[in-house]
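Structure record follows, encoded as structure tokens.
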């Protein structure tokens, strides 16, 4: 899993999502725009984060956040009860 670059700054955050409120767009392959990074922050539970290229699957929890690289296809899947949000950086 990559790290966020040191020179990016948070500018937006989603509301908190739970296993029953995750937008369908996040459950299917999607991507951020060029230059936009994401940080998937787990408040409780677990989330499976799948990156399409290069392929990688990571279980995220409150001790392990996910980094979304610009324009890279990815998706998430709840592993039972989960609560999380996504922060966006430029």
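Please treat every number below as a calculation from the coordinates, not as lab data. Quick caveat: nothing in here was measured; it's all calculated off a predicted structure. No Cβ is skipped: glycine too gets one built from the backbone with ideal geometry, and neighbour counts run over all protein chains shown.
Residues 76, 67, arranged from fewest to most other Cβ atoms within 10 angstrom of their Cβ, appear as 67, 76. Residues in the stretch 28-68 near a label at residue 8, defined as backbone nitrogen under 11 Å from the 7 Å Cα→Cβ point? Answer for this model: 32-40, 66-68.
Reported value for the chain: 85 Å³ per residue, from the convex hull of its C-alpha atoms.
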